[in-house]
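Asks: Just dropping this structure here.
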Amino acid sequence: MTEIAVPEWHDTLKQALKVWHRSAELSRSPLANLQIVDKERQRKAYADDLNGRAMAMRDVLRRAIQALGAAGQLPPESEADNRWLEREWRHYAILTLRFLRGLSRTEIQHRIGLAEGGQYYTDQRQALELLALILQDWEGVPSEESSPLWLEFPSGAVRLDDAFYIERQADEELRHQVQQPGQTITITGPRQVGKTSLLIRGAHQAVQALDAQIAYIDLQAIGQDALTDSETFLRLLANWLADEVGVAPTVVESGWQSALGSSRKLTKLLERTILPAVGSPLLLVLDEVDRLLATPFHTEFFGLLRSWHNLRAWNAAWQQFTLLMAISTEPYLLIDDLQQSPFNVGLMLYLADFTRDQVATLNERYGRPLKQPEVNDLYTLLNGHPYLTRLALYTLVKHTLDFSTFHQIAIEAQGPFISHLRYLHQLIDSDASLRDAMKEVLTRQTCHNEGLRHRLQKAGLVQQNGTAFSPRCELYGRYFARHL
């Protein structure tokens, strides 16, 4: 086994790929000492010299790069192949086009449909990190010697440069939308499906495409005392916005002395002071908007957001203002009459679960802890739930579990999903009518109360197949059948 220190894998790979066509330099790379390279040389009967070792290295690296693409599919080859544009082939495309074919960065960005900016370099680094993980797995490097990101617990928002982030259709739609100023976009979905991660990527892409100014506000960070009434909350929002864009607090203080209502004062502050001060498109990012649903003023606030959307039709200043929000659908379990006035205008992006192919791709990135039949079993167990799927693969790798054992403990107290399951159980158990509705789904595959069925669906607990209703995934079905 070759001795390559963990931090050196990225740089070693990059240097080797840079000299891809120069056999003498390529054969001097530390990668030439990998056992898998020597086995490949012997298998192909290449000579034990500089040229033979370089040929074996190319074969191994080419096969590893192909493994970065969609599992079980042949990679794109011709320039006319539209799969160069597909996100699941992005890492394969960047390494193949840049190093194996020698295209320039501009040519590659054009081929794969990537806008100018730093995303290219982020994706290239991710590709090299994933390539290192694949080679370490093939070489048999123990997981504790692997890259720290290999063992990073999947919790919270996923970093921009995280090599395990899987793009979905919503990513492509948001990327296209934020390249134009003056949008209202809402990302919605149940808890832990990746709303904040997508929100962060949308903001990053707006900066790249428009040089936009970002004002990011996580409503979970606002204290309860600020949520008692509309005046207090909107004043806090005004101060927060001003601070984010560099407007002096005294300007807010002066504008707030008006006799106008707080909604009107905030609107005028944005229109007359903050938007002109920014001088470029402004993107207001509101995360965890469902925090407001329990407040007495949420209807008024959502109406205000809708009015800002409508102002773009006739006021040029507001055409530089984009509102990007994330809201969880789980409050449907707690509130049966949600006011959604800002959520039926603009673009609504619902984050879908991973497809079977995306689960297979994530399994590849984790070093293939599951064989293909087991990938199908994991997909059946979790139905592609993004967070739970990543947590499952992390657990399998970290604790070197076989899938049979993992499947047995999935709903047990010592299993990795117990906190998630108990949270949902608590929400359902707090309402007897919801509990009965979920029991009806479990036992009869139906729910006769349309309102309750709608709440369970929106919260991501049940799914519809034709006229039948069932738990969202096998995991939910097994757990709630035991505990309800």
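Asks: Got a number for residues in the stretch 233-270 being more than 20 Å from Ser307 (Cβ to Cβ), among the polar types (S, T, N, Q) and in contact with a helix residue (DSSP H, G or I) (Cβ under 8 Å, 6 or more places away or on another chain)?
Replies: 1
Asks: Spot the failing condition for Gln213; the list is (1) touching a residue at least 60 places away in the same chain (Cβ under 8 Å); (2) crowded, with 19+ Cβ neighbours inside 10 Å; (3) more than 25 Å from Gly156 (Cα to Cα); (4) among the polar types (S, T, N, Q), and only one is missed.
Replies: Condition not satisfied by Gln213: (3).
Asks: Report, ordered by the first and then the second residue, all pairs with beta carbons closer than 9 Å, sequence separation of six or more or different chains, a first member in the stretch 450-473 that is farther than 19 Å from Leu484 by Cβ and without any contact (Cβ under 8 Å) to a residue 12 or more places away in the chain, and a second member that is surrounded by fewer than 21 Cβ atoms within 10 Å (Cβ to Cβ) and of a type in the set (Gly, Ala, Ser).
Replies: Close Cβ pairs satisfying both conditions: Gln464/Ser470.
Asks: Can you name every residue in the stretch 243-254 that is more than 30 Å from the chain's Cα centre (by Cα), surrounded by fewer than 19 Cβ atoms within 10 Å (Cβ to Cβ) and part of a helix (DSSP H, G or I)?
Replies: Pro249, Thr250, Val251, Glu253, Ser254
Asks: Would you mention how many residues in the stretch 264-297 are within 33 Å of the chain's Cα centre (by Cα), surrounded by fewer than 18 Cβ atoms within 10 Å (Cβ to Cβ) and within 23 Å of Ala316 (Cα to Cα)?
Replies: 5
Asks: Which residues, taken from the stretch 319-373, are among the aliphatic types (A, V, I, L, M), outside any helix (DSSP H, G or I) and at pLDDT below 85?
Replies: Leu334, Ile335, Leu338, Val345
Asks: Kindly indicate which of Leu17, Leu50 is in the same structural domain as Arg125 (by TED's automatic domain parsing), of a type in the set (A, V, I, L, M, F, W, C) and within 38 Å of the chain's Cα centre (by Cα).
Replies: Leu17
Asks: Do any helices (runs of 4 or more DSSP H) lying entirely in the stretch 1-106 carry at least 2 residues that are among the basic types (Lys, Arg) and either in contact with a strand residue (DSSP E or B) (Cβ under 8 Å, 6 or more places away or on another chain) or buried (at least 16 other Cβ atoms within 10 Å of the Cβ) (or both), and which ones are they?
Replies: Where helices (runs of 4 or more DSSP H) fall fully within the stretch 1-106 and carry at least 2 residues being among the basic types (Lys, Arg) and either in contact with a strand residue (DSSP E or B) (Cβ under 8 Å, 6 or more places away or on another chain) or buried (at least 16 other Cβ atoms within 10 Å of the Cβ) (or both), they are 50-66.
Asks: For Thr361, state whether it is in contact with an Asp or Glu (Cβ under 9 Å, 6 or more places away or on another chain), surrounded by 15 or more Cβ atoms within 10 Å (Cβ to Cβ) and not charged (D, E, K, R).
Replies: yes
Asks: How many residues, within the stretch 1-30, are modelled with pLDDT of 85 or more and under 20 Å from Asp123 (Cβ atoms)?
Replies: Residues that pass the stated criteria total 8.
Asks: Mind counting the residues in the stretch 209-225 that are β-branched (Val, Ile, Thr) and modelled with pLDDT of 90 or more?
Replies: 2
The values are calculated or read from the model by the stated rules, or taken from the named source; none is laboratory data. Note that this is a predicted model, so its numbers are computed, not measured. A quick note on method: Cβ atoms are made from the backbone with ideal geometry, for glycine too, and the neighbour counts reach across all protein chains shown.
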